[in-house]
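The values are calculated or read from the model by the stated rules, or taken from the named source; none is laboratory data. Given the structure is predicted, the values throughout are model-derived calculations rather than measurements. Positions of Cβ are backbone-derived with ideal geometry, glycine not excepted, and every protein chain shown enters the neighbour counts. Remember, those area values only see protein heavy atoms, side chains included, never the ligands or the DNA or RNA. Shrake-Rupley method; radii C 1.70, N 1.55, O 1.52, S 1.80 Å.
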Amino acid sequence: MKAGTGSGRSSKIRWTWFDFVNSALLVCLMVVTLYPFVNMAAVSLNQAVDTTLGSNFIWPRAFTLYNYEVILKDSIIYHAFVISVLRTLLGTVTSVFCTAMLAYTLSRPEFMLRGTISLLFVFTMYFSGGLIPVYMLIKSMGLTNSFWVYIIPGLVGAFNLIVMRSFIEGLPESLVESAKIDGTNDFGIFVRIILPLCMPAIATVSLFVAVGQWNSWFDTFLYNSSNLKLSTLQYELLKKLQSANMSIGSSATSAFLNNQNAEANQVTPTSMRAAITMLATLPILFVYPFLQKYFVKGMTLGGVKE
């Protein structure tokens, strides 16, 4: 009895130490992961001149909203924000629907060209025509200076297609067969059966597409840089950062010497970069918690088949 009790206590002590070490490692990992973001938020809310004294802090030493005021005082930012939201929402919905529809088609064993088409999409993951041929293609399609240049070229992505097709292939074939016996056509099967069962994969692909659409700025630079009405938030923030890098320097130094209160109303490339990073990151951070549950499940089931 005593031996058994001692053994049980020893086992319990070992488990407690394991929990302690495991928790400590996870806390350290969390701190290392969160510190850059917290530091960036503190820098964005700190006076630019004070930040130059040392940026290794997690709380604003001299709190100010001037960094954000400099960015948001331009009315084009708000219009660009609307364009970015519209391209993210519309681009995500259309891309996910088209990708899922093509993935269902390629998952059907009776479709003879499924292997060839899949190979063509995989080929695009490793080889590209280059920037100039792509630009010429977009221009020949009449998509330059158009909102649809944000939507049509990215309707189907090869990696998203593979994830979605792998998930659909893991669904029971009996569901499709039963629907066909009842007289349902392929599109009806896709909409009524496949899509509801693919919510984890859809959430995963939606997150990929939404982040890509929200962060994209290079297509705006290439195709719509001359049209301010179609400019996106990321592109406008990039222009502001470039403008800050070029204009802040000797002029700011002279302002400090001529005005004692000028330090509170100055920005630096570091403070601008921090504020821009926060403005560009926060919308996605608010969306991610709602998709995290489906994201993990979709990546697991879509990437590993039985």
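Restricting to region 264-286, count the residues that are buried (at least 16 other Cβ atoms within 10 Å of the Cβ) and aliphatic (A, V, I, L, M).
8
Before we move on, is Gly115 surrounded by 17 or more Cβ atoms within 10 Å (Cβ to Cβ), assigned to a helix (DSSP H, G or I) and of a type outside the set (D, E, K, R)?
Working: surrounded by 17 or more Cβ atoms within 10 Å (Cβ to Cβ): no; assigned to a helix (DSSP H, G or I): yes; of a type outside the set (D, E, K, R): yes.
Taking the combined requirement at face value, the residue does not satisfy it.
Among Val149, Val122, Val134, Val156, which is the only one that is open to solvent by less than 70 Å² (accessible area, probe 1.4 Å) and not in a helix (DSSP H, G or I)?
Val156
Name the residue, out of Thr99, Thr33, Thr64, that is within 25 Å of Gln234 (Cα to Cα) and surrounded by 15 or more Cβ atoms within 10 Å (Cβ to Cβ).
Thr64
Among Phe290, Phe221, Phe295, which is the only one that is at pLDDT below 70 and open to solvent by 30 Å² or more (accessible area, probe 1.4 Å)?
Step by step, each of Phe290, Phe221, Phe295 is checked, and only Phe295 is at pLDDT below 70 and open to solvent by 30 Å² or more (accessible area, probe 1.4 Å).
Conditions tested, residue by residue: (1) modelled with pLDDT of 90 or more; (2) hydroxyl-bearing (Ser, Thr, Tyr).
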| residue | (1), (2) |
| --- | --- |
| Met136 | yes, no |
| Ser140 | yes, yes |
| Phe147 | yes, no |
| Ala179 | no, no |
| Gly183 | no, no |
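Let me spell it out: the conditions are (1) assigned to a helix (DSSP H, G or I); (2) of a type in the set (A, V, I, L, M); (3) farther than 24 Å from Gln213 by Cα, and Ile77 meets all of them except one. Which number is the exception?
Here Ile77 clears every test but (3).
Condition test on Gly129, is it more than 28 Å from Val85 (Cα to Cα), open to solvent by less than 70 Å² (accessible area, probe 1.4 Å) and not in a helix (DSSP H, G or I)?
Here the answer is yes, as Gly129 does meet what is asked.
Residue check: is Leu171 assigned to a helix (DSSP H, G or I) and surrounded by 15 or more Cβ atoms within 10 Å (Cβ to Cβ)?
So Leu171 fails the test.
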